[in-house]
Amino acid sequence: MPVSIEFLRGVLGLIGIACAYMMGRSAAIVRKGRQRPTRMYGWIIRTFLCLGAMAIRHPVDASVIAIWAVAAAAFGIAFWEASREKKQEDLTQLIFPDKE
């Protein structure tokens, strides 16, 4: 039984969204100077290959535009999350309760 082309387009879209998320994280880390830019370039290539492959055999339709918009949102969310400082949680009271 052959696999539907629409199903494969959906799988490529999901992979493209995940790659866009990782591209956003990588861009924020490169901006901080903690990672080499070549890793970010790899995520850029993967993202554009996956999202571009969705529009090769079919015209650009609403589903492709929606997946591109979700990928752009995933990039923005990942960039924002990775660029913020994370608070260190103080678990001292949980690990060592007061002995009174």
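At-a-glance table
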quantity: Lone qualifier among Arg46, Arg34, Arg25 - being charged (D, E, K, R) and at pLDDT below 95; calculated: Arg34
quantity: Residues located in the range 23-66, provided they are among the β-branched types (Val, Ile, Thr) and assigned to a helix (DSSP H, G or I); calculated: Ile29, Val30, Thr38, Ile44, Ile45, Thr47, Val64, Ile65
quantity: Residue within the range 2-17 that is under 22 Å from Lys86 (Cα atoms) and either loosely packed, with under 11 Cβ neighbours inside 10 Å or in contact (Cβ under 8 Å) with a residue 40 or more places away in the chain (or both) present; calculated: no
quantity: From Arg31, Arg36, Arg57, Arg84, residue being touching a residue at least 24 places away in the same chain (Cβ under 8 Å), farther than 30 Å from Glu6 by Cβ and exposed (fewer than 15 other Cβ atoms within 10 Å of the Cβ); calculated: Arg31
quantity: Number of positions in the range 67-100 that are farther than 28 Å from Leu14 by Cα, in a helix (DSSP H, G or I) and of a type outside the set (A, V, I, L, M, F, W, C); calculated: 2
quantity: Exclusive hit being of a type in the set (Lys, Arg) and touching a helix residue (DSSP H, G or I) at 6+ places or on another chain (Cβ under 6 Å), set Arg57, Arg39; calculated: Arg39
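The values are calculated or read from the model by the stated rules, or taken from the named source; none is laboratory data. Just so it is clear, the model here is predicted, and its values are computed rather than measured. Quick reminder, even Gly has a Cβ in these numbers, built from the backbone with ideal geometry, and neighbours come from all protein chains shown.
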